[in-house]
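Each remark here refers to the structure printed beneath this line.
The values are calculated or read from the model by the stated rules, or taken from the named source; none is laboratory data. Quick caveat: nothing in here was measured; it's all calculated off a predicted structure. When we count neighbours, we look across all protein chains shown, and the Cβ atoms used for this are built from the backbone with ideal geometry, even at glycine.
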Amino acid sequence: MNKPVEEGVITDAKKRYSAGVLKYRQMGYWDADYIPKDTDVLCLFRITPQDGVDAIEAAAAVAGESSTATWTVVWTDRLTACDSYRAKAYKVDPVPGIPGQYFAWVAYDIILFEEGSIANITASLIGNVFSFKPLKAARLEDIRMPVALVKTFKGPPCGLVVERERLDKFGRPLLGATTKPKLGLSGRNYGRVIYEGLKGGLDFMKDDENINSQPFMHWRDRFLYVMDGVNKAAAATGEVKGSYLNVTGATMEDIYERAEFAKELGSVVIMVDLIIGWSAIQSIANWARKHDMIVHMHRAGHGTYTRQKNHGVSFRVMAKWLRLAGVDHLHTGTAVGKLEGDPMTVQGYYNVCRDSYTRQDLARGLFYEQDWCDMRKVMPVASGGIHAGQMHQLLDLFGDDVILQFGGGTIGHPDGIQAGAVANRVALEAMVKARNEGRDIKQEGPRILQQAAQFCGPLRQALETWKDVSFNYASTDTSDFATTPSVA
Ligand SMILES: O=C(COP(=O)(O)O)[C@H](O)[C@H](O)COP(=O)(O)O
Ligand SMILES: [Mg+2]
């Protein structure tokens, strides 16, 4: 039986392909009866059509401009299997509580994408359509990658299970710190900060996003002094230690040269910034897979397109792409610190990094099920304006498989960097112990910290120094299906 044709949709080939301008829905980019295939890429866009633009036509335009369409009919469509190549918008729902915004559900046939290429996927899905005039704004909220396409990506070079084995550290979050000030230290002073932090009890130290090879400290000097600090701290503590050497550079050649030197010096980890771009990320992931190196991804720049709820790309989509592209550590937010992050939305990003199979969870912003096909797991990193006094909240929110990074919250300690590191390590171990004993750390956390501080001067001072710090602002990116108060 033929299905009834929706009003306005043209089925007569002569009319459909005669030259001129048709609506996107007339061109076949809307199909309310479409049943997505297991092999389709599925995308959920939040769209804000211009006044007077019909939501279905706007959704069809998104499907069109992110797949095969242009603004006018082209006869060359008929040289292709255009009926299946067209992406199809198949559902449009008003966003609850936000007049003028709609969720547009779009399906793409797998043939539209190159295997194992995030650059290709992004060129299609976020290539053109975000500047499209009939839309005031658009945001890619979530994506479901089909198993067939997931299997074309290699994923994290190391993954969180192997990382723990290499580091020989289990049953607790890892601890790190970003070296401060971000810019200006000489190599030798920089190396001292690394040594002090690691010796005091941190597992990792870290270059900041904007330290590359500036006149005050060229990259080779940094790497030499950092590894000197790492090796001395490892010898002094008997633990495996690391420091993320930022290999971000102007060209891929620079990036490889820096990574090779990090390897030569015996570093277990390198770092890149998100701003190096998708192809560079996949290249350095290949390099790291070959050389058994952990890749730390600092998501520098992401806020320019992830933060505002009405326009851009959600960080949950970025996290999915980064896991596929192949990073081992990923900054995923703190919920409690100085930077943007609604607690449940942030937990959704953590799930994307660590799940074997992601379930739908609307309150955490997860719209789709996602089978990760045994792809290695990414170690999420909580970093940005956090301190020892928040240890109970961090452990409660994120569990054990996370790196907690305290930059200012280590280096700003009044008794120095080692004392800052001791405070964090003692706070962490006291909290893990309390949790393992069955105590309700969310409620009792401050008391547990105070008790631990009776026997640890550095923790006492840390709690005193940062007791009044809070960043209690409304989040700009919350779920449309749950309201959660931000955690100060
Ligand atoms: O320098 C810091 C944090 O320093 P501090 O601990 O002194 O605040 C990092 O760049 C942020 O973690 C980035 O944010 P995100 O992790 O959200 O990408
Ligand atoms: Mg930083």
Practice problem: Just need a number here: residues in the range 132-149 that are in contact with a helix residue (DSSP H, G or I) (Cβ under 7 Å, 6 or more places away or on another chain) and in a strand (DSSP E or B). | Solution: 5
Exercise. Would you mind finding the one in Arg439, Arg435, Arg425, Arg460 that is crowded, with 16+ Cβ neighbours inside 10 Å, of a type in the set (Lys, Arg) and in contact (Cβ under 8 Å) with a residue 60 or more places away in the chain?
Key: Arg425
Quiz item: Is it true that some residue in the range 189-201 is within 15 Å of Ser267 (Cβ to Cβ), assigned by the TED database to the domain that holds Glu429, out of contact with any Ser or Thr (no Cβ under 9 Å at 6 or more places or on another chain) and not basic (Lys, Arg)?
Solution: yes
Practice problem: Mind counting the residues in the range 90-114 that are charged (D, E, K, R) and either surrounded by fewer than 15 Cβ atoms within 10 Å (Cβ to Cβ) or more than 19 Å from Ala60 (Cβ to Cβ) (or both)? | Solution: 2
Quiz item: When residues of the range 355-372 are filtered for being outside any helix (DSSP H, G or I), buried (at least 16 other Cβ atoms within 10 Å of the Cβ) and not acidic (Asp, Glu), how many remain?
Solution: 7
Exercise. Check whether at least one residue in the range 149-171 is surrounded by 22 or more Cβ atoms within 10 Å (Cβ to Cβ), of a type in the set (A, V, I, L, M, F, W, C) and out of contact with any Asp or Glu (no Cβ under 9 Å at 6 or more places or on another chain), and report yes or no.
Key: no
Exercise. Among the residues of the range 326-372, write down those that are charged (D, E, K, R), over 19 Å from Arg307 (Cβ atoms) and in contact with an Asp or Glu (Cβ under 9 Å, 6 or more places away or on another chain).
Key: Asp328, Arg354, Arg359
Quiz item: In the range 442-488, which residues are modelled with pLDDT under 90 and within 24 Å of Leu428 (Cα to Cα)?
Solution: Asp468, Val469, Ser470, Phe471, Asn472, Ser486, Val487, Ala488
Quiz item: In the range 175-212, what count of residues is obtained for those that are surrounded by fewer than 18 Cβ atoms within 10 Å (Cβ to Cβ), in contact (Cβ under 8 Å) with a residue 12 or more places away in the chain and either away from ligand 2 (no atom under 16 Å from the Cβ) or closer than 19 Å to Lys263 by Cα (or both)?
Solution: 3
Quiz item: Given the conditions (1) surrounded by fewer than 16 Cβ atoms within 10 Å (Cβ to Cβ); (2) among the polar types (S, T, N, Q); (3) touching a helix residue (DSSP H, G or I) at 6+ places or on another chain (Cβ under 8 Å), which single one is not true for Thr248?
Solution: (1)
Quiz prompt | Criterion: buried (at least 22 other Cβ atoms within 10 Å of the Cβ), touching a Phe, Trp or Tyr at 6+ places or on another chain (Cβ under 9 Å) and at pLDDT below 95 - qualifying residue of Ala69, Ala58, Ala87 | solution = Ala69
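Whether any residue in the range 135-146 is surrounded by fewer than 18 Cβ atoms within 10 Å (Cβ to Cβ), in contact with a Gly (Cβ under 9 Å, 6 or more places away or on another chain) and farther than 24 Å from Gly28 by Cβ is what I want to check. So that I can check it myself, show each step before the final result.
Step one: filter the range 135-146 for residues surrounded by fewer than 18 Cβ atoms within 10 Å (Cβ to Cβ), giving 136-137.
Still in the running and in contact with a Gly (Cβ under 9 Å, 6 or more places away or on another chain): 136-137.
Okay, now just the ones that are also farther than 24 Å from Gly28 by Cβ, so 136-137.
Yes, the range 135-146 contains at least one residue that is surrounded by fewer than 18 Cβ atoms within 10 Å (Cβ to Cβ), in contact with a Gly (Cβ under 9 Å, 6 or more places away or on another chain) and farther than 24 Å from Gly28 by Cβ.
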Practice problem: Of all residues in the range 342-353, count the ones that are surrounded by fewer than 23 Cβ atoms within 10 Å (Cβ to Cβ) and within 12 Å of ligand 1 (Cβ to nearest atom). | Solution: 0
Quiz item: Out of all the residues in the range 307-332, which are within 16 Å of ligand 2 (Cβ to nearest atom) and not in a loop (DSSP other than H, G, I, E, B)?
Solution: His329, Leu330, His331
Quiz item: Residues of the range 213-229 being within 16 Å of ligand 2 (Cβ to nearest atom) and basic (Lys, Arg), which ones?
Solution: Arg222
Practice problem: Can you tell me which residue among Gly409, Gly420 is at pLDDT 95 or above and either under 18 Å from the mean Cα position of the chain (by Cα) or within 16 Å of ligand 2 (Cβ to nearest atom) (or both)? | Solution: Gly409
Self-check item: 1 or more residues farther than 21 Å from Ala419 by Cα and within 15 Å of ligand 1 (Cβ to nearest atom): qualifying strands (runs of 3 or more DSSP E) within the range 179-290
Solution: 242-246, 269-273
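Provide a single number: the residues in the range 151-173 that are without any contact (Cβ under 8 Å) to a residue 40 or more places away in the chain and outside any loop (DSSP other than H, G, I, E, B).
2
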Quiz item: Of the residues in the range 385-420, how many are crowded, with 21+ Cβ neighbours inside 10 Å, of a type in the set (Gly, Ala, Ser) and within 13 Å of ligand 1 (Cβ to nearest atom)?
Solution: 4
Quiz item: Restricting the first residue to the range 292-304 and requiring it to be closer than 26 Å to Arg164 by Cβ and assigned by the TED database to the domain that holds Arg376, which pairs with a second residue that is within 12 Å of ligand 2 (Cβ to nearest atom) and of a type in the set (Ser, Thr, Tyr) meet a Cβ separation below 7 Å and a spacing of at least six or different chains?
Solution: His296/Tyr244
